[in-house]
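K.L.:
My questions all concern the structure below.
The values are calculated or read from the model by the stated rules, or taken from the named source; none is laboratory data. Given the structure is predicted, the values throughout are model-derived calculations rather than measurements. Positions of Cβ are generated from backbone atoms using ideal geometry, with glycine treated the same way; all protein chains shown enter the neighbour counts.
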Amino acid sequence: MEGGTHPKKENAMKAKTILRALTAGVGAILLGSASQSETIHHGVRREPGNSIPEGSRQLCSGVPENTPLIAGLKTGWAVALPSSPSIRLLFSDQVLACQNPDLTARESNTGACTDSWRFALTLVPEMQKPGVYDLPGYPVEFANAVTIALPAEGCGQSQCAGGGSGSAPGSPGPRGTMEIYSVTEECITGQIRDYESGWVNPPLDFKGAFHAVRCTPPSP
């Protein structure tokens, strides 16, 4: 057939054209999915200090093997304090940003009415090296806060209860000891021992090992 196309060649050309179209379509779908996924927000951004131990494990070494972390620990920050050589440790079973909060303030809750706890204490310079420290012997300014979600009554909504307490700056720490395992430019690890939280309903036990990733809070 002069000037024409052989039927087999024509079918092959059609097949290639269809294949190219399908490939281009699939590529566009995949690229579209990737672009769309980049704009999806997945809640609070997880940083090493508030993804214990998943994010902090690579930064924080020194905790002896088979030594359990504080039960439920999700946040562990070693917060740099402005114009001070001391470091404020912040721990919580919720995801918290790097901050030095006033845990005795009513607004110190996590923003949602969920069972949660937070506590903080200060490492003065002489405590920032491996060793065992008797907390009453140092001005650690210990503070803790607990939020409790109460069940709704009748047609009402659930309410939050709880509270916070802390020692004044410069006052001795609570009864208990803390061992510091390691101090690096990225993280401080240690263990809290013999400390009784005082919370009996719900019962809370803050004893255990910790990872505290170093951070600097944003300027106010």
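K.L.:
Could you please let me know if Gly163 is part of a strand (DSSP E or B), touching a residue at least 12 places away in the same chain (Cβ under 8 Å), surrounded by fewer than 18 Cβ atoms within 10 Å (Cβ to Cβ) and small (Gly, Ala, Ser)?
P.N.:
yes
K.L.:
What about Ala97, is it modelled with pLDDT under 95 and either hydrophobic (A, V, I, L, M, F, W, C) or not assigned by TED's automatic domain parsing to the domain that holds Pro64 (or both)?
P.N.:
yes
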